[in-house]
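The block underneath contains the structure these notes are about, expressed in structure tokens.
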Amino acid sequence: MDLLLARCLELGARLARPGEFTERAYLNGKLDLVQAEATADLIESSTSLAARLAMRSLQGLFSRRIRVLVDDLVRLRTAIEATLDFPEDIIDPQSLVRFRFELERLVDSAQQTLSQARQGERVRDGLTVVIAGRPNVGKSSLLNALLEVDAAIVTPIPGTTRDLLRCELQIDGLPVKLIDTAGLREAVEPVEQEGVRRARGQLELADLILWVYDHRQGVEAAEISGLPPNVPMTLVQNKIDLDLHVPGDILPDGIVPLRLSALTGLGIKELRQHIKSRVHIEGLGEGSFVARRRHLDALQRGLICLNAARSVLEVGLGLEVIALELLEAQHAFGEITGEFTPDDLLGRIFASFCIGK
Ligand SMILES: Nc1nc2c(ncn2[C@@H]2O[C@H](COP(=O)(O)OP(=O)(O)OP(=O)(O)O)[C@@H](O)[C@H]2O)c(=O)[nH]1
Ligand SMILES: [Mg+2]
């Protein structure tokens, strides 16, 4: 094959660039950008669920959603712009009511698309789950138990783990990046200090923190309040096989810890279910599609403009401002399907394809 290929190149053929075939399909209007990206996502999908969702985006489900959104947006914007030529005081109050109603509907539907896209992105890129807690509470044991592989070193010596240990796990088709970290404490030794620093840095990037503690020690409110406030956290009460008669934990209101034993495996199944439930994977029905970070950003930007337009309408400020916000929202949504996409972004999207696709 190599010789044959070499001869073809000698005679003047050239190798296709990464993603070139898909790029051509896009440039010739056979696919929009979401569908082109879904092609790559389908090729790269690591689970059957991710493949199914990529297929739906490829078939145009996500694109149709965006197109409907943009169409409604354009209709409202045109209606508003048509009134701009008249002085404000002769605008029919009935129209203002209608504008408000239409805008509400747009915000709702953009919001819904965003939350569905967010689920789709989770399925594509997986969930990052960071295991954290004090030294020796059983974090590395928990990682091993979830993976069912002896991946991390476990010893009775506090401060065993220093490096971040990243492992891939699948829970019923949901890819999960599981990260074990150094036990958090005031470390004196420089290697451990660095481990603690890295562990803390990782917490910010998590989609979910599993805060593990030894059920004989309990949790301290100060430790929990020191965690990044915008990252969801689940308390994991470990080593429940020991000392079954420890008095119940005093926890901040409403927080119920998951009780388990990383050593015996008791409660691990429930933890898996809990992680899975973070993505509402059961809710990923026929209407779900795959999505990327880029799509979420654009949807969020569009939503900010729509919300801005709504507040302007509330306080009764100029319709020009609203029309402008709507135009900006339209551009943001249009980036998703490639209607308004800067060339350098296109270059980056297709460069990430594998060669010959
Ligand atoms: N009885 C019992 N012992 C456990 C359990 N989980 C972990 N251990 C023990 O607790 C000790 C510490 O476990 P590790 O998993 O290394 O704890 P760690 O949190 O990773 O500790 P560092 O890496 O030092 O922060 C080991 O001796 C484990 O065998 C459990 O559920 N029950
Ligand atoms: Mg460890």
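The values are calculated or read from the model by the stated rules, or taken from the named source; none is laboratory data. Note that the coordinates shown come from a computational prediction; the quantities given were computed from them, not determined experimentally. When we count neighbours, we look across all protein chains shown, and the Cβ atoms used for this are built from the backbone with ideal geometry, even at glycine.
Checked against the criteria, residue 199 does not count as touching a helix residue (DSSP H, G or I) at 6+ places or on another chain (Cβ under 8 Å), within 13 Å of ligand 2 (Cβ to nearest atom) and of a type outside the set (D, E, K, R).
For the range 295-313, filtering for residues that are touching a residue at least 60 places away in the same chain (Cβ under 8 Å) and either charged (D, E, K, R) or farther than 16 Å from residue 35 by Cα (or both) leaves 9.
Listed here are the residues, each with its yes/no results for (1) of a type in the set (Asp, Glu); (2) within 19 Å of residue 136 (Cβ to Cβ).
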residue: 170; (1), (2): no, no
residue: 182; (1), (2): no, yes
residue: 185; (1), (2): no, yes
residue: 192; (1), (2): yes, yes
residue: 196; (1), (2): no, yes
residue: 214; (1), (2): yes, yes
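Scanning the range 27-37 for residues that are in a helix (DSSP H, G or I), touching a residue at least 24 places away in the same chain (Cβ under 8 Å) and farther than 11 Å from residue 349 by Cα gives a single hit, 35. Applying the condition of being over 19 Å from the mean Cα position of the chain (by Cα) and in a helix (DSSP H, G or I) to the range 110-140 and asking which residue is farthest from residue 79 (Cα to Cα) yields 140. Scanning the range 161-189 for residues that are within 12 Å of ligand 2 (Cβ to nearest atom) and not hydrophobic (A, V, I, L, M, F, W, C), which turns out farthest from residue 223 (Cα to Cα)? Selected residue: 163.
The residues listed here are 162, 216; of these, the one that is within 13 Å of ligand 1 (Cβ to nearest atom), among the charged types (D, E, K, R) and modelled with pLDDT under 95 is 216. Does residue 64 qualify as being under 21 Å from residue 205 (Cβ atoms), modelled with pLDDT of 90 or more and of a type in the set (D, E, K, R)? Answer is no for this residue.
Rundown of residues vs (1) at pLDDT 90 or above; (2) outside the structural domain of residue 37 (by TED's automatic domain parsing); (3) of a type in the set (Phe, Trp, Tyr); (4) under 28 Å from the mean Cα position of the chain (by Cα), yes/no style:
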position: 240; (1), (2), (3), (4): yes, yes, no, no
position: 248; (1), (2), (3), (4): no, yes, no, no
position: 253; (1), (2), (3), (4): no, yes, no, no
position: 264; (1), (2), (3), (4): yes, yes, no, no
position: 274; (1), (2), (3), (4): yes, yes, no, yes
position: 303; (1), (2), (3), (4): yes, no, no, yes
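Restricting 235, 143 to those that are assigned to a strand (DSSP E or B) and either among the hydrophobic types (A, V, I, L, M, F, W, C) or within 16 Å of ligand 2 (Cβ to nearest atom) (or both) reduces the list to 235. The number of residues in the range 117-140 that are among the β-branched types (Val, Ile, Thr) and more than 10 Å from ligand 2 (Cβ to nearest atom) comes to 4.
For the residues 199, 182, 132, the requirement of being at pLDDT 95 or above and touching a Phe, Trp or Tyr at 6+ places or on another chain (Cβ under 7 Å) singles out 132.
Check the range 72-84 and report whether any residue there is of a type outside the set (Gly, Ala, Ser), more than 30 Å from residue 312 (Cα to Cα) and in a helix (DSSP H, G or I). I'd like the intermediate steps shown before the answer.
Filtering the range 72-84 down to residues of a type outside the set (Gly, Ala, Ser) leaves 72-78, 80-81, 83-84.
Checking the rest, the ones that are also more than 30 Å from residue 312 (Cα to Cα) come to none.
No, the range 72-84 contains no residue that is of a type outside the set (Gly, Ala, Ser), more than 30 Å from residue 312 (Cα to Cα) and in a helix (DSSP H, G or I).
In the set (1) more than 16 Å from ligand 2 (Cβ to nearest atom); (2) touching a Gly at 6+ places or on another chain (Cβ under 8 Å); (3) of a type in the set (Ser, Thr, Tyr), residue 113 fails one condition alone, (2).
Considering the range 1-26, and only residues there that are basic (Lys, Arg) and part of a loop (DSSP other than H, G, I, E, B), the residue that is nearest to residue 176 (Cα to Cα) turns out to be 17.
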